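The values are calculated or read from the model by the stated rules, or taken from the named source; none is laboratory data. This is a predicted model, so every value here is computed, not measured. Methodologically, a virtual Cβ is constructed for each residue, glycine included, from the backbone with ideal geometry; neighbour enumeration extends over all protein chains shown.
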Amino acid sequence: MARRILIIEDESHIVRTVRLYLEKAGFEVAWASDGTQGLAAFRRTRPALVLLDLNLPGDLDGLDVCRKLRAESSVPIIMLTARSEETDKLIGLELGADDYITKPFSPREVTARVRTVLRRAAQPQGAPEMLEVADIRLNPESRVVTVGGREVPLTRTEFDLLAALMQSPGRVFSRAQLLEHALRTPFYEGYERTVDQHIKNLRQKIEPNPRSPHYILTVRGVGYKITDA
Ligand code: CA
């Protein structure tokens, strides 16, 4: 059975191209052009994944829709955002979106991200798999990390932070998300510094040149990501 993707987006030319690529990749595509219709279509079509535009016409914007979807489902959500919506993007991730793609994007990129997010969502809980980004390898079971084949001893916190980043290469994590997901600490004002310090320590251990990081990059005003490049 073809897996269904729901696109909630008002710009029909975007929908047309993305749809074409997704269908070519074997997905079935449903489309809604505003938030209210999007929620109705979600309930009706039960998609495997939702591509959600942030800037929607009508009563519900993308963030409202994201919040409502999360309240009733754990369906993977990829947000489609414009470059100027940096803050919204961050809020979206905190509301539980799985990933975001910045416009303008290539339809090929969308198809690739859809596949990645679906693969991640399909992973059975409790069956951790080996993570690999560039020449970093992380074994969640033995908790061993190697960089270029050399074992690097990390503290528990550093390991958990690195694992969180490596699970989604390219995804930007806010400090609050890293605190909650990796460190299992609720977010308090001022705790950002804690994350910064752990990242700094981690860089000292894994980066060839910690002053000019190659793996863990700072995304100004947002947080951190790990890169494959
Ligand atoms: Ca729009």
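Any residue in the range 80-98 that is surrounded by 16 or more Cβ atoms within 10 Å (Cβ to Cβ), assigned by TED's automatic domain parsing to the domain that holds Arg43 and assigned to a strand (DSSP E or B)?
Looking through the range 80-98, at least one residue is surrounded by 16 or more Cβ atoms within 10 Å (Cβ to Cβ), assigned by TED's automatic domain parsing to the domain that holds Arg43 and assigned to a strand (DSSP E or B).
Residues checked against (1) at pLDDT below 90; (2) of a type in the set (Ser, Thr, Tyr):
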position	(1), (2)
Thr116	yes, yes
Ala121	yes, no
Gln125	yes, no
Ala134	no, no
Leu138	no, no
Val144	no, no
Glu151	no, no
Thr155	yes, yes
Met166	no, no
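Before we move on, is Ile91 among the aliphatic types (A, V, I, L, M) and within 16 Å of the ligand (Cβ to nearest atom)?
Working: among the aliphatic types (A, V, I, L, M): yes; within 16 Å of the ligand (Cβ to nearest atom): no.
For Ile91, the condition - among the aliphatic types (A, V, I, L, M) and within 16 Å of the ligand (Cβ to nearest atom) - is not met.
Those residues that are part of a loop (DSSP other than H, G, I, E, B) and free of Cβ contacts under 8 Å to residues at least 60 places away in the same chain, I need them from the range 24-58; list them, please.
Step one: filter the range 24-58 for residues part of a loop (DSSP other than H, G, I, E, B), giving 25-27, 33-34, 46-48, 54-58.
Within the range 24-58, Gly26, Ser33, Asp34, Arg46, Pro47, Leu54, Asn55, Leu56, Pro57, Gly58 meet the criteria.
Residue-by-condition table, conditions (1) over 22 Å from Glu180 (Cβ atoms); (2) among the charged types (D, E, K, R); (3) crowded, with 20+ Cβ neighbours inside 10 Å:
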position	(1), (2), (3)
Ser33	yes, no, no
Thr36	yes, no, no
Arg43	yes, yes, no
Arg46	yes, yes, no
Asp59	yes, yes, no
Val65	yes, no, yes
Ser74	no, no, no
Phe105	yes, no, no
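Looking at the range 1-23, I want the residues that are over 14 Å from Ala41 (Cα atoms) and more than 16 Å from the ligand (Cβ to nearest atom) and have a partner that is modelled with pLDDT of 95 or more and part of a strand (DSSP E or B) with Cβ atoms under 8 Å, at least 6 apart or on another chain. Which pairs are those?
Ala2/Glu28; Arg3/Glu28; Arg3/Leu49; Leu22/Ile5; Leu22/Val29; Glu23/Val29
Going by the conditions given, is Thr45 away from the ligand (no atom under 15 Å from the Cβ) and among the hydroxyl-bearing types (Ser, Thr, Tyr)? Can you show your working first?
On the way: away from the ligand (no atom under 15 Å from the Cβ): yes; among the hydroxyl-bearing types (Ser, Thr, Tyr): yes.
When the stated conditions are applied, Thr45 passes them.
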